[in-house]
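Taking it in order: structure first as structure tokens, then the write-up.
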Amino acid sequence: MTVRIGVEEEFHIVEVETGLLVPRADTVLEDLPRQIFTTELQQATVESNSGVHTSLDDLYGDVISTRRRLDAAASAHGLAVVAAGTVPLARTADIHPTAGYRYRHMVDEYRMVADEQLICGAHVHVDAPDRDLTVRIMCEVAPWLHVLLALSASSPFWLGADTGYASWRTMLWQRWPTAGPAGCYADAAEYDTAVQDLIGSGVISDAKMIYHDIRPSAHQKTIELRICDACPRAETVVLIAGLFRALVTEARERLERTGVPPCQGRHEWLRAAAWRAARSGLEGVLVDPRTRQEAPAAEVVRSLLRRVRPALEAAGDWRTVRELAERALTDGSAAHRLRRTAADQDLLACTDLAIAETRGAAGLRRRTVTAPARPVPGIGLPAEDEVPGPHPAPVAGG
């Protein structure tokens with residue numbers, strides 16, 4: 001049986017006229033259902049939660065529908081939302097945290113790390129009811145997670161400057177004390193003990209502050225991917241969700257079939273691999289998990305496709321994921337597209353591109369955001385001469 005998936009997407013709120021990041025989350029969320037949309041640490045960010053789906057086509061429809069609802073709510077106030085790791089134009093002094101004890105404590109405790117949490121990610125949940133197996137799966141799939149980061153890379157700019165990175169969000173995110181590779185554990189009890197030790201140390205206040213690249217969800221029976229930037233194109237979210245589900249499925253079946261012993265390997269290279277992916281995105285080299293040597297990004301992405309092809313075929317996802325992956329390699333990362341637009345025009349045009357892609361358009365010029373995306377086999381995209389129609393409202397709980 002195909003396992004279910006869901007996604008959480010984080011969005012920046014920007015002022016349409018200036019492109020500046022603004023703290024207007026409460027305004028945008030006024031008339032939206034809180035079981036689907038919610039606040040984050042900073043008032044410049046909102047989060048959406050998809051429904052639970054077995055097909056990538058249904059997930060895509062849900063993501064598009066949810067983005068439309070959020071965009072309409074923002075547009076009513078002269079605002080727009082951007083799904084990207086960072087936005088080009090922001091001033092930390094203009095942003096303030098969301099009210100509430102937990103967020104207030106985080107701001108007081110972590111100071112500039114929290115103050116500069118002007119970043120957005122895309123998180124994928126895959127069903128994993130057996131927590132012992134989930135913990136083992138984390139170790140098995142960890143070597144490939146930086147490839148998913150490279151596919152998502154969308155944050156080349158920070159506070160108006162080009163950072164030279166494809167995912168500057170990763171560099172900001174890794175300042176949190178529990179961010180980065182998860183490590184290996186024999187079972188759920190060992191993992192839970194490690195979490196409680198961190199809470200007991202006072203470094204974090206609760207299990208929700210485990211910010212590893214991958215983790216057992218703190219509130220659902222899922223395994224959660226957390227390494228990725230938010231993605232301007234909904235198709236990229238679907239691509240990453242399909243690949244992550246296939247990685248989890250392949251690892252689970254292999255563990256159940258062979259009874260592989262708990263990992264005894266060394267994993268210090270995983271952080272280095274994530275750095276390389278954050279630096280280069282799809283436009284340079286990545287660390288090949290098979291050799292731990294550098295290789296062209298396209299070669300590493302295709303190696304991942306070959307590895308998980310049986311799982312993708314079993315789920316009926318192979319054609320869709322292959323097509324989306326090849327398109328990503330052809331078009332380049334979002335970071336590449338944004339940087340190219342900034343070079344050809346300016347950072348405001350770059351912001352407009354991010355808004356357009358978040359809305360599902362391909363426009364590059366100021367406020368020209370009506371061009372639809374090209375169709376991909378297996379995903380319910382419109383034909384090139386059609387504007388996307390509405391999808392059913394999403395079901396909460398992704």
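Before moving on, here are some points about what is shown:
- For region 11-57, the candidate set comprises residues that are more than 16 Å from Ala76 (Cα to Cα), part of a loop (DSSP other than H, G, I, E, B) and among the hydrophobic types (A, V, I, L, M, F, W, C); within that set, the residue that is most open to solvent (accessible area, probe 1.4 Å) is Val52.
- Considering each residue of region 147-166 in turn, none proves to be more than 15 Å from Leu20 (Cα to Cα) and modelled with pLDDT under 95.
- Hits in region 261-299 - residues which are of a type in the set (A, V, I, L, M) and in contact with a helix residue (DSSP H, G or I) (Cβ under 7 Å, 6 or more places away or on another chain): Leu270, Ala273, Ala274, Ala277, Ala278, Leu282, Val285, Leu286, Val287, Ala297, Ala298
- Taking region 166-197 as the range and being open to solvent by less than 40 Å² (accessible area, probe 1.4 Å), among the aromatic types (Phe, Trp, Tyr) and either assigned to a loop (DSSP other than H, G, I, E, B) or over 22 Å from Gly284 (Cα atoms) (or both) as the test, the residues that pass are Trp176, Tyr191.
- Search result, residues across region 75-94 that are over 21 Å from the mean Cα position of the chain (by Cα) and either open to solvent by less than 20 Å² (accessible area, probe 1.4 Å) or over 26 Å from Trp173 (Cα atoms) (or both): Ser75, Ala76, His77, Gly78, Leu79
The values are calculated or read from the model by the stated rules, or taken from the named source; none is laboratory data. Quick caveat: nothing in here was measured; it's all calculated off a predicted structure. All Cβ positions, even for glycine, are placed from backbone atoms using ideal geometry, and neighbour counts span all protein chains on display. Protein only, heavy atoms only, side chains kept; ligands, DNA and RNA dropped before computing areas. Shrake-Rupley method; radii C 1.70, N 1.55, O 1.52, S 1.80 Å.
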